[in-house]
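Below is one structure, written out as structure tokens; the observations come after it.
Taken together, the values in this text are just the output of simple stated rules run on the coordinates, not laboratory data. Remember, it's a predicted structure, so these values are computed and weren't measured experimentally. Heads up, the Cβs are rebuilt from the backbone with ideal geometry, glycines too, and the neighbour counts pull from every protein chain shown.
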Amino acid sequence: MKAFLAGGGTGGHFYPALSVSQELKKRGFEIFYFGTEKGIEAKNDFPADKKILYPITGVRGKNLIGSIKASTGLIKTALKISKIIKEEKPDFSLCFGGYTSLPLGIASFLTGTPLFIHEQNSVPSYTNRFLSKFAREIFITFEYSRQFFPDKKTVLTGLPVRESVLKDISIPKQKARQILGIKNRKTVLIFGGSQGSKKLSETGLKLAEKLPDLQFIIIGGKHFKKPENLPENTLFFSYYERIGILYAASDIVVSRAGAASTYEILSAGKFGIFVPYPYAASDHQYYNVKWLEEEGVCRVVREEELDFDLLKNIILSGTNMNPEKIKTLVKTEASGIIADRILDEIHKK
């Protein structure tokens, strides 16, 4: 059995694809993975039998000439993948959105290969909206997304979370704190997504100075340098590979609202204070978490509203949330659900 997967460029597309690939490998599938030479997938391992990267770029945000060049590259890549499909004869294709998925999606349509897509965000990408016309089934992370797709073939599966993250978030809180070498006290994790956030990092450092009874863990990202004089109650990282340990050690997480971060925080049963990235396409980060605030399990703060006093008050009042209620809102078995749905669909007579 063979499966063709595509989805990369950023971690938001790459890691869910990785998680489902791990599940399919367990079920005996040979995996072909398609991505771009400039994305996160070029720098990270992927559980595939063959990883094929192309020099493609997205169309959005470019001038006329740039758009024509990018579109031509995507079409040429789709034709190349069509040839590979005819040679390898995969049982199905699975795309995770973004321009890196478009060539495989088009090639699957051209060759009559069963196509499935997964949408991570509340507001779908243009790629997934287009590919949904040809997909057998559409898997969504948030119920909010259903309105953008044909209801009859749309399935709420949740977001596939990496096995390594799920394993680490199950570590007992006190043990996780021992691993990090911090005291066993109320702990706040603050990070701004894969790119970091200067405003979140600066506000977090100020909070640490003013709230010495709390423990703070701050991930500054590659653009925010570690301060020379950190408060005693603060751990600072530019990047931390095993973020699940940081979730396990924390009581509250202050974060952007990308789909992957949001779902990982929920899976860990933590109270989230989400500050959506204000320039995200279609404001999708806000809609990723708006419904959670309505459920009473998080707070959403617009970037222009964010200040020291507001964040301090939410942190001090938000530590008594019931983590079990938070966990009821997520499906930690999303990879298995997706694999089951695909197998059921392609085996229909």
Residue pairs, from the table LYS270/LYS312; LYS210/LYS327; LYS186/LYS312; LYS210/LYS270, whose Cα atoms sit over 21 Å apart: LYS210/LYS327; LYS210/LYS270
Counting only DSSP beta bridges with both residues in the chain, what percent are antiparallel, rounded to the nearest 5? 0
When the chain is treated as a Gaussian network with springs between alpha carbons less than 10 Å apart, the largest mean-square fluctuation among PHE271, PHE191, PHE236 is found at PHE236
Output ³J(HN,Hα) for the stretch 95-110: one whole-Hz value per residue in order, computed from phi by the Karplus curve 6.51 cos²θ - 1.76 cosθ + 1.60 with θ = phi - 60°, and x for Gly and Pro. 10, 10, x, x, 4, 5, 8, 4, x, 5, x, 5, 4, 5, 5, 5
For the stretch 21-118, state which GluC sites (Glu not before Pro) are in a DSSP loop and have at most 15 other beta carbons lying within 10 Å of their beta carbon. GLU37
For LEU156, list long-range residues whose amide hydrogen, built 1.01 Å from N in the peptide plane, is under 5 Å from its own amide hydrogen. ILE140
Residue order, fewest to most surrounding Cβ atoms within 10 angstrom, among HIS347, HIS284: HIS347, HIS284
Convex hull of Cα atoms in the stretch 227-349, direction-averaged projection (nm²): 10.7
In sequence order, calculated HN-Hα J values of the stretch 257-272 (Karplus, 6.51, -1.76, 1.60; Hz; x Gly/Pro): 10, x, 4, 5, 4, 4, 5, 5, 5, 5, 4, 7, x, 9, 7, x
Loop-located trypsin sites (Lys or Arg not before Pro) in the stretch 46-121 whose Cβ has at most 15 other Cβ within 10 Å (DSSP): ARG60, LYS62
Cross-link reach list, aspartates and glutamates versus LYS133, counting only Cα pairs under 13 Å and skipping chain neighbours closer than eight places: ASP151
With 20 Å bins from 0: P(r) over the chain, alpha-carbon pairs, percent: 31, 54, 15, 0
Other residues with Cβ under 10 Å from the Cβ of PHE29 give, with Lys and Arg +1 and Asp and Glu -1, a net charge of 0
Say the cut-off is 28 Å between C-alpha atoms; which of LYS290/LYS325; LYS25/LYS226; LYS26/LYS50; LYS86/LYS153 go over it? LYS25/LYS226
Quick check on packing: order 122-135, 302-315 by the mean number of other C-beta atoms within 10 Å, highest mean leading. 122-135, 302-315
